[in-house]
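The values are calculated or read from the model by the stated rules, or taken from the named source; none is laboratory data. Keep in mind it's a predicted model, so treat the numbers as computed, not measured. Every residue, glycine as well, gets a Cβ built from its backbone with ideal geometry; the counts of neighbours run over all protein chains shown.
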Amino acid sequence: MSKDLTKIDTQGMSGPTDPHYKGKKTPSSTKPMEIKPRRVHTDTMVKELKILINEVLDEREGKRDYISYFDTEHFKYRVGGEEPPYKQ
């Protein structure tokens, strides 16, 4: 191998530049990146946990005059249909 092929010439890799160009006078205004926090539970799990906690508290207070969200026999539905709504 010749000595010329072992090195990469990076001198000409940047485009042509104007030596008198100073750049923009004012910096461009950009918003900082928005970060959505990660949670252990999915949105569906959070909703079901809230329902469960409220049902347990209602049971402790003796307010069990509704069908539990976790009574799966009551919420059966056919394929292609929609799950019956839960009303507390």
Of all residues making up the stretch 27-50, the number that are surrounded by 11 or more Cβ atoms within 10 Å (Cβ to Cβ) and either farther than 15 Å from residue 86 by Cα or among the β-branched types (Val, Ile, Thr) (or both): 2
Take the residues in the stretch 36-61 that are outside any helix (DSSP H, G or I) and at pLDDT 90 or above, then tell me which one is nearest to the chain's Cα centre (by Cα). 42
Just need a number here: residues in the stretch 51-70 that are of a type in the set (Asp, Glu) and surrounded by 10 or more Cβ atoms within 10 Å (Cβ to Cβ). 3
